[in-house]
Amino acid sequence: MGNGIIDYSEKFALQINGLSKIYRNEVHAVKDLDLNIYEGEVHALLGPNGAGKTTTIKAILGFIAYEGDVKVLGEGIDLVRENVAFVPEEKNFYEFLTPYRTIKICKGIIPQFDENKAFEYMKRFSLPMEKKISSFSNGMKTSLYLSICFAQKASLYIFDEPTWGLDPIRNNDILDMIRDLVIDGKTVLYTSHIISDVEKIADRISVMHEGRRLFTGYVDDIKGDFRVFYLPTDFQGLETLRYLSGKRERERTVILTDDGETIERLEHSSEVEMSVPDMEMFFQILLRGKNYV
Amino acid sequence: MWIKIELRSPLPVYEQIKVGIKEAILSGKCEKEELIPSIRELAKEIKVNPNTVARAYRELEQEGVIFSRQGIGFMINVSTAEIKEQFLSELEKELRIPLKRLKKSGIALEEVQKVVGAIWEME
């Protein structure tokens with residue numbers, strides 16, 4: 001990349017077109033999802049439980065059958081699997097093994113696996129090498145899984161709830177490590193419902209709800225472009241405003257918008273209050289608002 | 001280079017980086033033709049995404065505040081006096097509409113100056 005300015009890559013690490021998944025129990029987990037992930041970005045997939053995040057990841061990795069088209073690093077997943085590292089939501093191990101044995105086994109079955117790096121990370125996370133994994137806490141299991149994942153040389157890293165069970169210090173270590181991956185030119189897709197983490201490391205977010213994608217955009221653009229307006233309940237002309245989401249509260253109506261005309265119209269109005277949304281507020285209004293206005 | 005990133009700020013992170021660099025020039029911490037950290041270095045130092053730093057640098061380059069030289073890196077392109085002028089002209093732009101409104105509603109210049117003075121003393 002030299003010393004020039006990095007341009008947002010026009011290349012996609014991941015292209016998802018029209019992805020749908022209906023499980024056998026007729027749960028429509030993902031509905032017609034389109035999503036492109038740029039090379040070199042950290043992309044966070046957000047949404048409440050049951051939004052379809054994990055199903056989307058399983059489809060990307062080819063773990064489930066689905067409708068639609070998914071290209072990973074420009075190919076079908078089976079051609080590039082060695083170049084994709086993954087941490088699942090459920091951090092399952094052979095619990096009767098020690099971390100030491102587990103890493104030795106990984107060395108045998110994962111291509112481009114750097115076992116010294118894995119041991120290094122384990123040391124950094126102060127994980128005991130010779131204790132059975134069954135004695136590990138959730139946080140320790142997560143740390144071990146991440147050690148193995150980060151020791152794998154890949155182009156695309158996919159993490160499903162990577163910081164689950166971690167204490168705040170370890171949590172920040174992991175965020176630093178994820179950031180280091182993109183500094184080294186890798187691409188990261190991860191799911192989370194911890195908004196403060198997302199604010200610290202994501203370039204872009206996509207918000208999913210009930211299987212659909214409600215929003216995709218740059219974290220920085222949320223503060224730059226979006227405004228929240230609090231309108232009195234008797235506000236005239238609500239139907240002429242354009243907004244992404246809105247919700248009625250007891251004594252006011254709240255709308256979230258990036259529409260220039262709407263912002264211009266409202267920002268100098270004396271009966272309307274305005275604020276710049278942070279991620280938490282953005283997320284709340286987006287998810288809670290959609291049904292009410 | 002020390003830039004404070006405040007996630008709770010209403011200013012987007014890339015804007016905070018831009019302001020941070022401009023303020024460093026304004027206060028004389030950085031001089032014209034001085035080398036600034038690379039995108040990766042700054043990203044690591046202030047713990048933000050390299051793409052965010054890249055966006056700030058790209059806009060600073062477009063504004064003529066920094067320039068990139070192949071094989072060397074990014075350098076400051078403006079002097080303290082020049083950046084000051086830019087700051088003041090931006091301020092003028094920002095204040096034009098609110099001041100016009102104040103004038104229209106019959107508030108005197110002295111009264112506005114008094115408010116500005118009070119804020120100035122507070123900060």
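The values are calculated or read from the model by the stated rules, or taken from the named source; none is laboratory data. Because the structure is a prediction, the values reported are computed rather than measured. Cβ atoms come from the backbone with ideal geometry, glycine included; neighbour counts cover every protein chain shown. Just the protein is used for accessible areas: all its heavy atoms, side chains included, with ligands, DNA and RNA removed. Shrake-Rupley method; radii C 1.70, N 1.55, O 1.52, S 1.80 Å.
Where strands (runs of 3 or more DSSP E) fall wholly inside region A:1-106, no range has 1 or more residues that are farther than 28 Å from B:SER38 by Cα, within 14 Å of another protein chain (Cβ to nearest Cβ) and more than 15 Å from the chain's Cα centre (by Cα). Please verify whether A:ASP220 is within 14 Å of chain B (Cβ to nearest Cβ), under 23 Å from A:ILE195 (Cβ atoms) and free of Cβ contacts under 8 Å to residues at least 12 places away in the same chain, treating the condition exactly as stated. It is true that A:ASP220 is within 14 Å of chain B (Cβ to nearest Cβ), under 23 Å from A:ILE195 (Cβ atoms) and free of Cβ contacts under 8 Å to residues at least 12 places away in the same chain. The single condition among (1) aliphatic (A, V, I, L, M); (2) within 7 Å of another protein chain (Cβ to nearest Cβ); (3) within 13 Å of the chain's Cα centre (by Cα) that B:ILE21 does not satisfy is (2). For A:VAL207, work out the one condition from (1) open to solvent by less than 10 Å² (accessible area, probe 1.4 Å); (2) under 16 Å from the mean Cα position of the chain (by Cα); (3) within 13 Å of chain B (Cβ to nearest Cβ); (4) not hydroxyl-bearing (Ser, Thr, Tyr) it doesn't fulfil. Of the numbered conditions (1) open to solvent by less than 10 Å² (accessible area, probe 1.4 Å); (2) under 16 Å from the mean Cα position of the chain (by Cα); (3) within 13 Å of chain B (Cβ to nearest Cβ); (4) not hydroxyl-bearing (Ser, Thr, Tyr), the odd one out for A:VAL207 is (3).
Checking region A:38-45 against the condition returns no match, with no residue being open to solvent by 20 Å² or more (accessible area, probe 1.4 Å) and without any contact (Cβ under 8 Å) to a residue 12 or more places away in the chain. Contact map, region A:169-198: residues that are within 21 Å of B:ILE5 (Cα to Cα) and away from chain B (no Cβ under 11 Å) paired with residues that are among the aromatic types (Phe, Trp, Tyr) and in a helix (DSSP H, G or I), Cβ distance under 7 Å, separation 6+ or inter-chain. Pairs shown: A:MET177/A:PHE150. Looking for whichever is more than 10 Å from chain A (Cβ to nearest Cβ), out of contact with any Cys (no Cβ under 9 Å at 6 or more places or on another chain), surrounded by 20 or more Cβ atoms within 10 Å (Cβ to Cβ) and more than 18 Å from A:GLY224 (Cβ to Cβ) here; the options are B:LEU42, B:LEU26, B:LEU35. Which one fits? Going through B:LEU42, B:LEU26, B:LEU35 in turn, the sole match is B:LEU42. Which residues, taken from region A:245-269, are open to solvent by 30 Å² or more (accessible area, probe 1.4 Å), under 30 Å from the mean Cα position of the chain (by Cα) and free of Cβ contacts under 8 Å to residues at least 40 places away in the same chain? Across region A:245-269, the qualifying residues are A:GLU249, A:ASP258, A:ASP259, A:GLY260. Considering region B:77-111, and only residues there that are in a helix (DSSP H, G or I) and among the β-branched types (Val, Ile, Thr), the residue that is least open to solvent (accessible area, probe 1.4 Å) turns out to be B:ILE83.
Condition check ((1) open to solvent by 90 Å² or more (accessible area, probe 1.4 Å); (2) at pLDDT 90 or above) across all residues:
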{"residue": "A:ILE64", "(1), (2)": "no, yes"}
{"residue": "A:GLY74", "(1), (2)": "no, yes"}
{"residue": "A:ASN92", "(1), (2)": "yes, no"}
{"residue": "A:GLU115", "(1), (2)": "no, yes"}
{"residue": "A:LYS123", "(1), (2)": "yes, yes"}
{"residue": "A:LYS131", "(1), (2)": "yes, yes"}
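The set of residues in region A:270-292 that are open to solvent by 30 Å² or more (accessible area, probe 1.4 Å) and either over 29 Å from A:LYS200 (Cα atoms) or hydrophobic (A, V, I, L, M, F, W, C) (or both) comprises A:SER270, A:GLU271, A:MET274, A:VAL276, A:MET281, A:ASN291, A:TYR292. Just to be sure I understand, how many residues within region B:48-60 are assigned to a loop (DSSP other than H, G, I, E, B) and more than 7 Å from chain A (Cβ to nearest Cβ)? Selection size over region B:48-60: 1.
Restricting attention to region B:1-23, the residues that are outside any loop (DSSP other than H, G, I, E, B) and open to solvent by less than 80 Å² (accessible area, probe 1.4 Å) add up to 10.
Within region A:224-263, the set of residues being among the acidic types (Asp, Glu) and modelled with pLDDT of 90 or more comprises A:ASP225, A:ASP258, A:ASP259, A:GLU261.
Pairing residues of region A:103-128 that are of a type in the set (D, E, K, R) with residues that are crowded, with 17+ Cβ neighbours inside 10 Å, at Cβ distances under 6 Å and at least 6 apart in sequence or on separate chains, gives A:LYS107/A:PHE113; A:ASP114/A:ALA151; A:GLU115/A:ILE103; A:LYS117/A:ALA151. Based on this model, can you work out whether A:LYS141 counts as among the charged types (D, E, K, R), surrounded by 18 or more Cβ atoms within 10 Å (Cβ to Cβ) and either in contact with a Cys (Cβ under 7 Å, 6 or more places away or on another chain) or outside any strand (DSSP E or B) (or both)? Judged against the criteria, A:LYS141 is a match.
Where helices (runs of 4 or more DSSP H) sit wholly within region A:179-293, none has at least 3 residues that are touching a Gly at 6+ places or on another chain (Cβ under 7 Å).
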